[in-house]
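Scroll down for the structure; my scribbles are underneath it.
The values are calculated or read from the model by the stated rules, or taken from the named source; none is laboratory data. Model, not experiment: these values are computed from the prediction. Neighbour counts run over all protein chains shown; Cβ positions are idealised from the backbone, glycine included.
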Ligand code: GCB
């Protein structure tokens, strides 16, 4: 799926700003039939929840409405005109005037509404977007709505981060030519000192395709004719972690000498491969340092914000992180593009968090119902999950920073039914993208003995909390148990292990000379303990601390104004642990530089 861009043949209008806003009231006439007139306005992009002080808006379950008037540029007559919604969390409906033009399920991938036949170049139209935050057993992520005795509806879900909703990313109006490029796929490889770029250009109607590849100085280094082909770049500059280099593929569509459409795509030439217990980028062992993150900030919730984007990447570099995981949903495409340009490696995760009813049983790991069954998460959930994977791969397949797909966070991979559920999703992902390894984040209830799906994946990403949820306050036992478990996974599967989550909550300023959970000192001692273990187990090929920053959670007795496992506070101030990580990852340069490893 191509991101809307301004080119010689395409134009783009950004629709961000203040939109009229209302929560759905079933008794009131359908809001797209008239102007919303309640006087409430909401910022786009932003989650709506924390913008207002009214709990009826914050805790509303169901549809909300955003509306604004849009003028179509007068030069667009004859083009196709589309509205692109970068994200409507978790379901969206788009109306041009009174007409429904698009519906979409899934809160973190973009969708288009074609409004060509409903709008006129040079004139205005009323654009209304409905957004629903409801999660059910057939949505990704899943959840359920409960109705209290007094009729209040509340949303339950199986993950701790707050269920922010709304138009959290940009909305665009854009034009494309009638005969146009509809998609481009590139796959890169390295051949000695040369790089190769296999390209495939899809078009709405058959027409002549020409492509050129330019280096960063703008010089043409390769060119080709036809919708598919291979470009060869002698002495290629590779895209490397920490040293991004992007070529630009210019795809053009011609009718004789007449240019019909043109689209530029940034291309990083690099390879990714799993060999034994190593993760190789450009043939070199790569050791992941970094975090599981969240799109989360005060007031905006999950709203994309370029200032936080720049600052977060500054902090990643400052602390010596070379990578992050998009826990627990695909992030804004701007984030991935930024990673492409700045050489940060990304593990790209779907929004499938909470496919695990075992968590309802607390630490016992036994839920009241099986996770995978027709009554709980069955064929319809799996179909929604498959659609998410298709949309994620369609959006992010050309990004060099994305080195691996993570299909789910902490599914009940130890339960019967997990294999039947995941096997087709693994095959689907491999058929959509045969080039990238795949992983899933393994919940603590799934051990190297009882897990039912680990052999299907290339890399095992372990979420482990020895010293926090287990062995709390007893780091000596935690150290023994963590090492025993990591060795068990390494011996049974012989695959690379990434510690995808390890972390301890810490309240900034709370200090102790003893191992007292919730202090900054304990968070430091906890991380030091984990690092000693990782350095003893060769199969560990990366460490992603949980979490980059404190983040908002659903209300609950286990959280003090949010999840405090951040190494930075929610407003991005370092806790003491941040300095320790910096010493380990950046100043000591161990083990951030590649290690050679056996099993
Ligand atoms: C986990 C989850 C993550 C939570 C974390 C915690 O295992 O994957 O979403 O935030 O634990 O802090 O409990």
### Task
Considering every residue within segment 414-433, establish whether at least one is in the same structural domain as residue 547 (by TED's automatic domain parsing), at pLDDT 95 or above, within 16 Å of the ligand (Cβ to nearest atom) and under 17 Å from the mean Cα position of the chain (by Cα).
no
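Residue 597: crowded, with 17+ Cβ neighbours inside 10 Å and modelled with pLDDT under 95, yes or no?
Spelling it out, residue 597 is indeed crowded, with 17+ Cβ neighbours inside 10 Å and modelled with pLDDT under 95.
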### Query
surrounded by fewer than 21 Cβ atoms within 10 Å (Cβ to Cβ), outside the structural domain of residue 198 (by TED's automatic domain parsing), over 27 Å from residue 279 (Cα atoms) and modelled with pLDDT under 95, is that true of residue 367?
yes
### Task
Would you be able to tell me the number of residues in segment 544-591 that are more than 22 Å from residue 328 (Cβ to Cβ) and at pLDDT below 95?
6
### Query
Within segment 257-269, is even one residue outside the structural domain of residue 395 (by TED's automatic domain parsing), free of Cβ contacts under 8 Å to residues at least 40 places away in the same chain and part of a strand (DSSP E or B)?
yes
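Can you tell which of 529, 444 is buried (at least 18 other Cβ atoms within 10 Å of the Cβ), touching a residue at least 60 places away in the same chain (Cβ under 8 Å) and assigned to a loop (DSSP other than H, G, I, E, B)?
444
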### Query
Where in segment 287-375 are there strands (runs of 3 or more DSSP E), lying wholly inside it, with at least 3 residues that are within 16 Å of the ligand (Cβ to nearest atom) and farther than 28 Å from residue 437 by Cα?
none
### Message
Quick check on segment 469-490. Is at least one of its residues in a strand (DSSP E or B), in the same structural domain as residue 570 (by TED's automatic domain parsing) and either more than 16 Å from the ligand (Cβ to nearest atom) or within 24 Å of residue 157 (Cα to Cα) (or both)?
### Response
yes
### Message
Return the residues of segment 404-428 that are touching a strand residue (DSSP E or B) at 6+ places or on another chain (Cβ under 6 Å) and either more than 24 Å from residue 359 (Cβ to Cβ) or assigned to a loop (DSSP other than H, G, I, E, B) (or both); say none if nothing qualifies.
### Response
404, 410
### Task
Only one of these is out of contact with any helix residue (DSSP H, G or I) (no Cβ under 9 Å at 6 or more places or on another chain), free of Cβ contacts under 8 Å to residues at least 24 places away in the same chain and not assigned by TED's automatic domain parsing to the domain that holds residue 259: 39, 17, 62, 78. Name it.
39
### Message
Return the residues of segment 452-464 that are outside any strand (DSSP E or B), buried (at least 19 other Cβ atoms within 10 Å of the Cβ) and out of contact with any helix residue (DSSP H, G or I) (no Cβ under 8 Å at 6 or more places or on another chain); say none if nothing qualifies.
### Response
459
### Message
Any residue at all in segment 494-513 that's within 30 Å of the chain's Cα centre (by Cα), in the same structural domain as residue 294 (by TED's automatic domain parsing), on the phi < 0 side of the Ramachandran plot and assigned to a helix (DSSP H, G or I)?
### Response
no
